[in-house]
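For reference, the structure is listed below as structure tokens.
Here, each number is a calculation from the coordinates, and none is a lab measurement. What you see is a predicted model, and the numbers here were worked out from it, not measured in a lab.
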Amino acid sequence: MTRTIRWIAVGGAPPTRRIAAAALLGASAVLARLAARLDAARSAPERRTLEFAELRVGGRRGGALYEDGRLVGWLPGVTRL
């Protein structure tokens with residue numbers, strides 16, 4: 001058996017209460033949109049540039065791996081990936 005509770009507004013809320021509630025709901029909506037926009041901007045993946053080039057060091061051939069123009073590693077004996 002299910003009972004339903006009915007809401008009966010006897011005198012209604014005072015106007016100041018309704019205005020305060022509307023202001024709080026509006027502020028909450030604005031802050032939620034701002035938080036979603038900031039989260040989307042923060043979670044955007046950073047773009048990295050990876051390059052592989054052939055490198056000769058002291059007569060030995062190898063492959064150099066660059067990330068954003070910075071040498072990350074050298075692979076001796078590897079000429080291509």
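Averaging the sequence gap over all C-alpha pairs within less than 8 Å and six or more residues apart, then dividing by the number of residues, gives the chain a relative contact order of 17 percent. When the P(r) is computed for the chain, the part past 21 Å accounts for 67% of the Cα-Cα pairs. Near the amide H of GLY63, under 5 Å away, which other amide H atoms are found, from residues 5 or more places off or on another chain, if H is placed in the peptide plane? For GLY63, the qualifying residues are LEU55, LEU75, GLY77, VAL78. Nearest 10 degrees is fine. How inclined is helix 15-42 to the longest principal axis of the chain, computing both from alpha carbons? Rounded to the nearest ten degrees, it is 10.
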